[in-house]
Each structure stands twice: as structure tokens, then as C-alpha cells.
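In what follows, a single structure is set out as C-alpha cells and then discussed.
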Amino acid sequence: MTDALRLANIHSMQTKSKSVNILGIETSCDETAAAVVADGRVVKSSIIASQTKLHEKYGGVVPEIASRAHIEKIYPVIAEAITQASVTKNDIDAIAVANQPGLTVALVVGVIAAKTLGFAWGKPLIAINHLYAHLQSAMLSDDNLQLPAPLEILTKGPSNHQKRPFLTGPAVALIVSGGHTCLYDCRSPLELKLLGSTIDDAAGEAFDKVAAILKLPYPGGPSIEKAAEKGNPDAIKFPRTMLGPQSLDFSFSGIKTAVLYYCRGQDMKGEDKVDSMSRQQIADIAASFQKAVIDVLLEKTHRAAEKIGAKTILLGGGVAANNELRKRLQQMCNSAAPPKKLLVAPKPYCTDNAVMVASLGYHKFKAGLFADLTLEPSATGL
Ligand code: KG4
Ligand code: ZN
């Protein structure tokens, strides 16, 4: 197919009135996922093959094992997503794939699958940033949300901001996952500017490492949350690292070390006290740790909102599944003057999934932002 013909085909797909079906593919870490989403928000299928069992005994994701498992699962998962959506390849308008950031050896599996299918089926390819996709999940939370028309944005330029029905002003997006903790200035699904990120451990990584110290089951986030339910969040005063009064960056390695010292002694030479601790003591450590992390996340989100005059806060990423974080962020938004609108990713779309990839793919499709067969995975890209 010539380039001119291909572009003409894409243009006719963009402007046709029938719904647009995007196949999303996600393999950035330890979930092999595929989904078919119509018009950016109608979920026709969502298949996730989790590798949790494979990585459990190592207490974290082993890249080589993740890569091999993705290779085994990717085509069955895609086939299942197509079958469950009750569509055929002819109904798919484009293939969106997460190509950054993440584990390169894992991302490459999804990227090769997407390029192969795109080439074989003659479908356009769309490159998706995994973190922007997490943010897109938060936008799935509001049924009444009117998303902007990116084609209009492209033709009229950023001066059109005020006229758009979507966000009534700038929004701050907090993305908290196992690999990243980021704050963005968000104007639309396609207009994001990084405001701050972690300088060491991500929030989810801290949950996972503290869970390992407390000998709670893997993955750590949900285990800490469960243990914390019965604990006293004020029992232990763990540090809140703020990195200066203006900083929008995060640091969570200090709190992880503080928990370690609390359990093993300052010189790490003492006995591991965890084995002899009562359930209540473990619960108190979990609750105190969780409160300290949430305090930092809220303070930084508040600073970012003040800085850009945000009227809306978006929350996404695996740690966004945490009920205490959801509750306290809602309280913060309610008590702001004037109150801020909070959009939180629905629980099934907090941890890694392909719905968020396909949903963001729709907006890039409408904007004509396509990739080609030179697309490569990249470990970085905030
Ligand atoms: O977004 P995600 O699935 O993968 C990455 O992109 O990294 O996030 C996974 C992270 C893990 O660190 C996991 O422990 C954390 O999200 N997590 C939670 C909860 N559920 C998952 N952290 C705190 N509370 C939870 N309920
Ligand atoms: Zn993720």
C-alpha cells in the first residue's frame, strides 16, 4: 500500500461516523494484557494474564522471567481479547501498544506483536506512553466527562484551551505505580507536562519493600493496606521526606530504611524482630508507614495544584487502588476553597491493563498521531 493510500484510508477511518475500535496491548512489566475499546470508553474486552505467581518467590519482578512469560502469553491473550469483544480483525481500526517506560525486555514483546499484527492486517500502529495511559484510566472514571476533540486541538493550537468542555482549567495528575511516582500538569489526554517525579524509589516500590520487611505476602501494596486496616496510623512517627518547601519531587527510600531500622535495629545487627512481633505491632507499622506515604503524596499534590491553579485532580496507577489514599485525596479536594473535582481510576483499571492503552490510543487515533514499523521500546520516558 502506498503512503498516500494509507493516509487516505486513515483519514476516512478518522472521519467516519461508526465507532472506532482500538486493540490495546500492554506488556511493560508483569501483566500480559490486551483489550478492545470502542470510542475511547466502551470496554468490549479486557484480558490480563498476571505473572504474580511466577515472581512471588523472588519478592519482585525478574525481567527475564517476565519477558519469557509475555512471549508465551501474548498471542493467546490478544486472540482472547478479540474473541470476547465479538469482533474480527476487520473491525479493528488501529493497534495501540505501550512502548515506554518499563522493562525493555518486557515492552519489546508487546511492541513486536503490535508491529507484526499491524503489518499483517494493514492497520495503523499507535505508540502509547504507559504512564499517560495510567492517567487516561482516571479519565474513565467520570461518565459525564466530555473529552476534547484532539483534531480540533491540533488545528487550532493551545489557545483553544479555555473553550474545551473537558477540564475546566488545568488539572494535576498524580500517577503512583510500582515503577513511577509522577505529577503532571494535564490539559487533555494528549497534553501533559511533568511537574515532579521520584528521585529514588517509587511509592509502590516502597509498599512492596516494606511488605517484604514485614514478611507480608507479595505483591506488597494490597498486603500493607489489609494489615493497616487494624493498625494505629499514629503509633510510629516515620519520616516524611519533602525535599524542600517548593519541591514537587518525591523520595521514598528514607521511609523504607526507617521501617527496616525499626524492625532490625539502627546498625542492622540486632535480631529481626518481625518474627516475634504481634499481629497488632505489624498492623501498627503498616498503618504508620501507609499514613506517612499518603501524607507526602497529598502534600506534593497540593503544592502542584497551587502552582498551576488546578481545579481538577486525577489519580491513577497501581497504588491508586489504595482505599485510604482515595479517601484522603477526596477529603483534600472537598476541603479546598473552592472544592476541587477528583477523578480516580476505577479499581479494575488502577493496576496494569490494556484498556487504558486502547482508550488513550483512541485520542491519538483521532489526532492522527501514528507510529510506524521503526517503533522501538524504551525503558525511560516520563
Ligand atoms: O501500575 P502498576 O500495576 O504497575 C506499574 O506500572 O508499576 O502498579 C503496581 C504497584 C505495586 O507496587 C503494588 O504493590 C501497588 O501498585 N499496589 C498498591 C495497591 N494495589 C497495588 N499499593 C498500595 N495499596 C494498594 N491497594
Ligand atoms: Zn503501570
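The values are calculated or read from the model by the stated rules, or taken from the named source; none is laboratory data. None of these values were measured; they are calculated from a predicted model. Quick reminder, even Gly has a Cβ in these numbers, built from the backbone with ideal geometry, and neighbours come from all protein chains shown.
Quick check: is even one residue across the range 306-322 touching a Leu at 6+ places or on another chain (Cβ under 9 Å), assigned to a helix (DSSP H, G or I) and under 25 Å from Ala258 (Cα atoms)?
yes
Considering each of Asp267, Asp272, Asp249 in turn, give the residue that is farther than 23 Å from Gly59 by Cα and either at pLDDT below 95 or touching a Cys at 6+ places or on another chain (Cβ under 8 Å) (or both).
On the way: Asp272 fails: farther than 23 Å from Gly59 by Cα; Asp249 fails: either at pLDDT below 95 or touching a Cys at 6+ places or on another chain (Cβ under 8 Å) (or both).
The unique qualifying residue is Asp267.
Can you confirm whether Val36 is modelled with pLDDT of 95 or more, surrounded by 15 or more Cβ atoms within 10 Å (Cβ to Cβ) and within 16 Å of ligand 2 (Cβ to nearest atom)?
Numbers: modelled with pLDDT of 95 or more: yes; surrounded by 15 or more Cβ atoms within 10 Å (Cβ to Cβ): yes; within 16 Å of ligand 2 (Cβ to nearest atom): no.
No; evaluated as a whole, the condition is false for this residue.
Anything in the range 342-352 that is free of Cβ contacts under 8 Å to residues at least 60 places away in the same chain and away from ligand 2 (no atom under 16 Å from the Cβ)? List them, or say none.
Start the filter on the range 342-352 by keeping residues that are free of Cβ contacts under 8 Å to residues at least 60 places away in the same chain, which leaves 342, 347.
The one that is free of Cβ contacts under 8 Å to residues at least 60 places away in the same chain and away from ligand 2 (no atom under 16 Å from the Cβ): Leu342.
Do any residues in the range 228-241 that are of a type in the set (Asp, Glu) have Cβ atoms under 6 Å from those of residues that are at pLDDT below 95 and buried (at least 18 other Cβ atoms within 10 Å of the Cβ), where the two are at least six apart or on different chains, and which pairs are they?
Pairs found: none.
Looking at (1) within 16 Å of ligand 1 (Cβ to nearest atom); (2) farther than 20 Å from Arg328 by Cα, which is the only condition Pro233 fails?
(2)
Quick check: is even one residue across the range 200-214 in contact with a helix residue (DSSP H, G or I) (Cβ under 6 Å, 6 or more places away or on another chain) and either part of a strand (DSSP E or B) or within 30 Å of Gly40 (Cα to Cα) (or both)?
Taking the range 200-214 first, the residues in contact with a helix residue (DSSP H, G or I) (Cβ under 6 Å, 6 or more places away or on another chain) are 200-201, 203-204, 206-211, 213-214.
Filter once more, keeping what is either part of a strand (DSSP E or B) or within 30 Å of Gly40 (Cα to Cα) (or both): 203-204.
Yes: the range 200-214 contains one or more residues that are in contact with a helix residue (DSSP H, G or I) (Cβ under 6 Å, 6 or more places away or on another chain) and either part of a strand (DSSP E or B) or within 30 Å of Gly40 (Cα to Cα) (or both).
With the requirement that a residue be surrounded by fewer than 21 Cβ atoms within 10 Å (Cβ to Cβ), among the aliphatic types (A, V, I, L, M) and within 16 Å of ligand 2 (Cβ to nearest atom), what does the range 353-382 give you?
Passing the criteria: Ala379, Leu382.
Restricting attention to the range 168-182, which residues are assigned to a strand (DSSP E or B) and either away from ligand 1 (no atom under 16 Å from the Cβ) or among the acidic types (Asp, Glu) (or both)? Spell out the reasoning first.
Residues of the range 168-182 that are assigned to a strand (DSSP E or B), as a first pass: 171-176, 181-182.
Ala171, Val172, listed by residue number.
Hey, could you check the range 69-108 for residues that are touching a Pro at 6+ places or on another chain (Cβ under 7 Å) and assigned to a helix (DSSP H, G or I) and say which is farthest from Glu205 (Cα to Cα)? Reasoning before the result, please.
Looking only at the range 69-108, we keep the residues that are touching a Pro at 6+ places or on another chain (Cβ under 7 Å), and these are 94, 99-100, 103-108.
Restricting the remaining residues to those that are assigned to a helix (DSSP H, G or I) gives 104-108.
Details: Thr104: 18, Val105: 19, Ala106: 18, Leu107: 19, Val108: 23 Å.
Once the filter is applied, the top-ranked residue is Val108.
Could you please let me know if Arg328 is away from ligand 2 (no atom under 16 Å from the Cβ) and within 20 Å of the chain's Cα centre (by Cα)?
Working: away from ligand 2 (no atom under 16 Å from the Cβ): yes; within 20 Å of the chain's Cα centre (by Cα): yes.
Judged against the criteria, Arg328 is a match.
Just the residues that are more than 16 Å from ligand 1 (Cβ to nearest atom), crowded, with 22+ Cβ neighbours inside 10 Å and either free of Cβ contacts under 8 Å to residues at least 24 places away in the same chain or farther than 18 Å from Val176 by Cα (or both), please, taken from the range 273-322.
Ala310
Hey, could you check the range 41-71 for residues that are out of contact with any strand residue (DSSP E or B) (no Cβ under 8 Å at 6 or more places or on another chain) and within 23 Å of Lys89 (Cα to Cα) and say which is surrounded by the fewest Cβ atoms within 10 Å (Cβ to Cβ)?
Checking each candidate, the answer is Val42.
Name every residue in the range 323-370 that is away from ligand 1 (no atom under 16 Å from the Cβ), assigned to a helix (DSSP H, G or I) and not hydrophobic (A, V, I, L, M, F, W, C), in order of residue number.
Result: Gln331, Asn334, Ser335, Gly361, Tyr362, His363, Lys364, Lys366.
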